[in-house]
Amino acid sequence: MRRRPRSRLLLIAAAVPFIIATGTSTTSTSYDYDVFVIGGGSGGLACAKEAARLGARVGLCDFVRPSPHGTTWGIGGTCVNVGCIPKKLMHRAAQLRQILEDDAPTYGYQLDGLDGFATDGVEHDWPTLVGAVQQHVKSLNFGYRTALSDAGVTYVNARGTLAGGHNVHLAPSSPKQPARTVSARHIVLAVGGRPRVPASLARAAEGGGRVITSDDLFSLKVPPGRTLVIGGGYVALECAGFLASLGFDVTVLLRSVPLRGFDRECAERVLASVEAADPNLAASAISGVARAGLEPQAVPTAVFTPSEYACVGLSEEEARTALGDANLEVYLAEATPLEHAPVDGRSGQRLFVKLLCDKAREERLVGVHVVGEGASEIVPGYALALRLGVTKAQLDSTIGIHPTCGEELTTMRVTRRSGESLAKKGC
């Protein structure tokens, strides 16, 4: 059996960051900057560099208020520091454990502590993982600061607040530096978002307490041990998935529907992969924990759970509402990726693909969904396909690379209405 660390931790999943922009239309040239950006995340950095490329005088300030647990980080925003980057690296660490325990013996590797196909023989060192993740994050922080300098953008490590008119008050991160005010013709707010700790748990989150958010998890110096994850969104399930796969005792507390806003059939498969990693799932309503839905966007989205899920366009539920049952054709496919075939399914890695097509428009693609290893590498290109109005016939005429998971999307024949089996024969 896997060793279960005995410490206890409560993890509250993060919200999705947001970007808001504002500005003025004056033509005065008496300002310190043409454009001043408050916020050094993905949106703020892109805006600042593009404005500078177009010839504007640009300044940018960035400041991270410490979390209740005391965590802070460098420039780059949520994605780089406490979101996509560290999350996917920890997801990769969890995948490696599965490969060592489930796949390696089948491919002839004799590892100490592993007996045939027995699991739980691989020990994992949490501080080493966190150290590697944070080293990479810090290299990205440095790269962003260098990129701003190369673009001619003035960077200030200070907390910026609107000070009326065209002014921004800058409170530096160091108390030894004086505060000051700068002016700009245009002011861009790109401050992002942060997880909110319910008032009932706030005291337990302060000063390194046992209540943390996803802002704290990726730099946590000690192993999290037994962890209760509150929430059923993608951040919660991703964290629960990699923690459980790394051998920690995890319980997920769901208020309602997991992965709300995603395709339900795919969401259930994702949830099954999280359950296979061995966390406990419980349903409850917790006072002070907000219900947050995540609506699909016109851009590809990925969920890095033990079985990855990536999608673009409409969910099947949305497509049925928009098109009606008669005009919606749902193509389905299921297969075992070749690299997992010798393991005979013990790794639990299966590929599931769903294409949603509008029959009234020559089976034009309106939604693409992939669940399985590497899904996030397959789906992004289909965002362009949806924008260009690609049809199922055009996809069928495309030659895929054999043998790959991406090939499955070019050979799909079984529809939901046909009732045929998804079992694949041959390669």
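The values are calculated or read from the model by the stated rules, or taken from the named source; none is laboratory data. None of the values given here were measured: they were computed from a predicted structure. Ideal geometry is used to build each Cβ from the backbone, glycine not excepted, and the neighbour counts take in all protein chains shown.
Structure above, values below:
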{"item": "Residues located in segment 174-192, provided they are over 22 Å from V35 (Cβ atoms) and either surrounded by 13 or more Cβ atoms within 10 Å (Cβ to Cβ) or at pLDDT 95 or above (or both)", "result": "Q177"}
{"item": "Matching entry among A158, A147 (being surrounded by fewer than 17 Cβ atoms within 10 Å (Cβ to Cβ), of a type outside the set (S, T, Y) and within 28 Å of the chain's Cα centre (by Cα))", "result": "A147"}
{"item": "Scope segment 220-241; condition part of a loop (DSSP other than H, G, I, E, B) and either under 10 Å from the mean Cα position of the chain (by Cα) or on the phi > 0 side of the Ramachandran plot (or both); matching residues", "result": "G225, G231"}
{"item": "Condition met for L395 (over 15 Å from C266 (Cβ atoms) and either in contact with a Cys (Cβ under 7 Å, 6 or more places away or on another chain) or buried (at least 21 other Cβ atoms within 10 Å of the Cβ) (or both))", "result": "yes"}
{"item": "Unique residue being in a helix (DSSP H, G or I) and in contact (Cβ under 8 Å) with a residue 40 or more places away in the chain when the list is A202, A184", "result": "A202"}
{"item": "Residue that is within 22 Å of the chain's Cα centre (by Cα) and surrounded by fewer than 19 Cβ atoms within 10 Å (Cβ to Cβ), where the choices are G74, G43, G70", "result": "G74"}
{"item": "Failed item, numbered, when T146 is tested on (1) in contact (Cβ under 8 Å) with a residue 12 or more places away in the chain; (2) more than 30 Å from R97 (Cα to Cα); (3) of a type in the set (S, T, N, Q)", "result": "(1)"}
{"item": "Output for segment 238-260, where each listed residue is of a type in the set (V, I, T) and crowded, with 24+ Cβ neighbours inside 10 Å", "result": "V250, V252"}
{"item": "Selection within segment 202-237 - over 17 Å from T72 (Cβ atoms) and surrounded by fewer than 20 Cβ atoms within 10 Å (Cβ to Cβ)", "result": "A202, R203, A204, R210, V222, P223, G225, R226"}
{"item": "Scope segment 388-408; condition touching a residue at least 60 places away in the same chain (Cβ under 8 Å) and assigned to a helix (DSSP H, G or I); matching residues", "result": "K392, E408"}
{"item": "Enumeration of residues in segment 74-105 that are under 14 Å from L220 (Cα atoms) and touching an Asp or Glu at 6+ places or on another chain (Cβ under 8 Å)", "result": "V82, K87"}
{"item": "Filtered residue count, segment 31-47, keeping only those that are among the charged types (D, E, K, R) and either modelled with pLDDT under 95 or in a loop (DSSP other than H, G, I, E, B) (or both)", "result": "1"}
{"item": "Counted residues, segment 313-326 - those being assigned to a loop (DSSP other than H, G, I, E, B) and surrounded by 13 or more Cβ atoms within 10 Å (Cβ to Cβ)", "result": "2"}
{"item": "Test: residue in segment 137-150 that is modelled with pLDDT of 95 or more and under 20 Å from C239 (Cβ atoms)", "result": "yes"}
{"item": "Residue selected from segment 412-427 under the condition loosely packed, with under 14 Cβ neighbours inside 10 Å and in contact (Cβ under 8 Å) with a residue 12 or more places away in the chain, by the criterion nearest to V368 (Cα to Cα)", "result": "R413"}
{"item": "Test for F304: is it modelled with pLDDT of 90 or more, touching a helix residue (DSSP H, G or I) at 6+ places or on another chain (Cβ under 7 Å) and either surrounded by 22 or more Cβ atoms within 10 Å (Cβ to Cβ) or more than 24 Å from P195 (Cβ to Cβ) (or both)", "result": "yes"}
{"item": "Failed condition for H369, given (1) part of a helix (DSSP H, G or I); (2) at pLDDT 95 or above; (3) not acidic (D, E)", "result": "(1)"}
{"item": "Candidates A272, A285, A310 - the one that is more than 17 Å from the chain's Cα centre (by Cα) and either part of a helix (DSSP H, G or I) or modelled with pLDDT of 95 or more (or both)", "result": "A272"}
{"item": "Scope segment 166-181; condition of a type in the set (G, A, S) and either touching a helix residue (DSSP H, G or I) at 6+ places or on another chain (Cβ under 6 Å) or part of a loop (DSSP other than H, G, I, E, B) (or both); matching residues", "result": "S173, S174, A179"}
{"item": "Residues of segment 344-365 classified as modelled with pLDDT under 95, out of contact with any His (no Cβ under 6 Å at 6 or more places or on another chain) and buried (at least 21 other Cβ atoms within 10 Å of the Cβ), total", "result": "1"}
